[in-house]
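Taken together, the values in this text are just the output of simple stated rules run on the coordinates, not laboratory data. Every value quoted in this text rests on a predicted model; they were computed, and no experiment measured them. Here the Cβ positions follow ideal geometry from the backbone for every residue, glycine too, while neighbour counts run over all protein chains shown.
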Amino acid sequence: MATASDSKTYNKLDFLKLMFLSREGDRREAVLLRQGKGWFQVHGMGHEPLAAMVLHLRDDDYIFPYYRDRAMMLAKGLTNKDLALAYFAKRESSSGGRQMPGHYSSRAKNVWSTPTPTGGNLLPACGAAWGMKLEEKDTVVIATVGDAASRQGEFYEAVAFAIQEKLPIVFVIEDNRYGISTPTDKFNPFRLGIFDEKVFERVNARHPDHVYEASGRAIEKARRGEGPTVLWCELDRLGSHTSSDDHRVYRPEEEIEEMMERDPIRVVSQELIEAGELTEEEWAAIQEQIREQVDRDYIEAESAADPKPEEVLDELYGDLPPAEPPPLEGGRAWRMVDALNHVFKVALDRDRRYVFFGEDIEDPKGGVFKLTDGLSTAHPDRVFNSPLAEATIIGVACGLACYGLRPVFELQFIDFVGPGWSQLVNNLATIRWRTFGDWPCPAVIYAPYGAYLPGGSIWHSQANESAIAHFPGIRVVLPTTPEDAAALMWTSLKTEDPVVFLIPKHRFRQQIEVPAGGVEAVPFGKARIHREGDDVTIVTWGNCIEQAFEAAEILADPSKSGLDEPVSCEIIDLRTLVPWDFEAVARSLSKTGRLVVIEEDSRTCSFGQTVIQELTSNPETWGYFYSPPQLVSKYDVHIGFNPIYEYAALPDTERVVEAVKLVMEE
């Protein structure tokens, strides 16, 4: 176990060398960019004093950094060569060339991968800090952000959650008074007096002495379990925002000259010289030595291997675990809600890594649909109500999963994913790929889904699986029966990837007989054939399985369908959309030659269109078609409150029957 002795001693001369190493790396990158070597640069000039807080950290503490934290990364143990490799986007870099420079990451050093969306690191940082608290460790998280991002909603959610849970986290606001070209004084919540001064400490961060002292207090407070601190650190951005910007366009010349006079490297070196601890000659020699080191690092990095195009898909997903039978008794009727609740209970009983979090999931409510009924009573230390804050739910899940626990977090309805969308698609979906597998994120986000229950209106009836499936890196699961729900949740709980698990509300409480002999394991990407047939392949998922069965019954009886002959329909339930079972559908299509896809989602840019496109663009399966495939979906319109609107928009049995009749025409 790491101890306080892992932290480093603050020596001003050593720290000056660190700041100059960081600065010289920035300078070298700017030169290289002007030479046409490289594509982009973001610097940390003026922000170097913040690295002093890292001297208080231990090896097992975490940093969730911001892109100006170059000096902090050097202090945490990354090398200048590491940063040079990242500048050139080399295969050996922390992202394998997938992230821009300044987007630091190191699993070995507990540096979480920097996302570009400003403030996007804060809620995951809270997730890691919460994991530390749940495990009763005395480790600490530092999360840094620019002052402009302190107006992001996720910043307020993160601070509120950290205070609520007394998390061992230090938020660092790097206030250089600019958001690219926009002066931030009139936007800054600290200058506006929005925060009580008990919440934050104002720091003149232009000098490392001040940073070291203030951060030491904050970090020790966190270690003692006394909760978070927000350090409002005022400093200067000594250059343009990035290499794509020129601050001379919008900053007065006298302002630039004034801040250059208080350059922390200039100030600290002069202090040491005046104190007799350093001579001008020694300082010149140190600078030259560091420049030579930096030159060597960048020359070596430039000649390092580039990424390989054939690796572009690598580490988008982890290896799927072997599917195991879920702990669900067969030979009796189950409701889907009860089957999932039972699986949750068993998972919590068997593995302390599982943590549940969501709105109203604690007893006595046990969730608005009773999915978590009894869980908090049995496991009050790992089942918690969340605030009404979807970004918090998804962002904290991301950080908690990256930390090493197993979040199983509920969104009350998938319709409300919007406030958490950035965390879902910018962090959960990308974290494994953007770190070349260093930061797996085994989080399960489950949510009730869909319509066919009158009265839900626009925001309780959405089927938006296509939008979620659009973003690579997320597994999308959509069961239709209690046994499949249990089996697929059991598989989801053991995967190393983020899973969005959608539960069709219309089928939530239907009593469905589960076959005797035990419930089979269901891996991802394995469709289920509910009904075998020879004439038409019907592919569906979720609530629309009912329209498929009803249509198949009608079509099997000429007296009901109005056809001369019975039509034999094969019904395939995909069960998972990412991945989806192309082979099972292709095998069926090779037999029937006709395809109808039914979906509850809107038609345009939908997953149903994806299924049809994949089959019609494949030379082999294209040859199977006797007639054009048909898609039956919700019209491109929202669900209205009056049931007349709802059922007018949704796929119904009549439309499915008509689609089958159409594909039967040769």
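Here are some notes:
- Length-normalised contact order for the range 533-666 - Cα pairs under 8 Å, 6+ apart - percent: 30
- Low-density loop cleavage sites - GluC sites (Glu not before Pro) in the range 531-619, where at most 12 other Cβ are within 10 Å (DSSP): 532
- Pairs of alpha carbons in the range 1-139 whose separation is greater than 23 Å (percent): 35
- Tail weight of P(r) past 21 Å, computed on alpha-carbon pairs of the range 196-278, percent: 50
- Equivalent ellipsoid semi-axes - Cα gyration tensor, the range 357-456, angstrom: 25, 18, 10
- Whichever lysines have a C-alpha closer than 21 Å to that of residue 308, once near sequence neighbours (fewer than 8 apart) are set aside: 37, 81, 90
- Ignoring aspartates and glutamates fewer than eight residues from residue 370 along the same chain, the ones with Cα atoms less than 16 angstrom from its Cα are 338, 359, 360, 362, 410.
- Candidates per trypsin sites (Lys or Arg not before Pro) in the range 168-263, loop by DSSP, up to 11 other Cβ within 10 Å: 186, 198, 224
- Amide H contacts of residue 503 (H built 1.01 Å from N, under 5 Å, at least 5 apart or other chain): 447, 449
- Taking θ as phi - 60° and the Karplus parameters 6.51, -1.76 and 1.60, the scalar couplings of the range 301-313 work out to 5, 4, 8, 5, 5, 7, x, 9, x, 6, 9, 4, 8 Hz in sequence order, x denoting glycine and proline.
- Cβ-based exposure ranking for 537, 616, 480, 118, in which fewest neighbours within 10 Å come first: 616, 118, 480, 537
- Coordinate range along principal axes, alpha carbons of the range 528-664, Å, largest first: 44, 38, 24
- Largest-first principal axis extents of the Cα set of the range 367-417 (Å): 28, 27, 15
- Under the Karplus curve 6.51 cos²θ - 1.76 cosθ + 1.60, θ = phi - 60°, whole-Hz ³J(HN,Hα) for the range 587-596, x wherever Gly or Pro sits: 4, 5, 5, 5, 8, 8, x, 9, 9, 10
- The ranking of 597, 170, 203 by Cβ neighbour count inside 10 Å, starting from the fewest, reads 203, 597, 170.
- Sorting 238, 424 by the number of Cβ atoms found within 10 Å of their own Cβ, with the fewest placed first, yields 238, 424.
- Relative pair counts by distance (%), Cα atoms of the chain, 10 Å bins: 3, 15, 22, 21, 16, 12, 7, 3, 1, 0, 0
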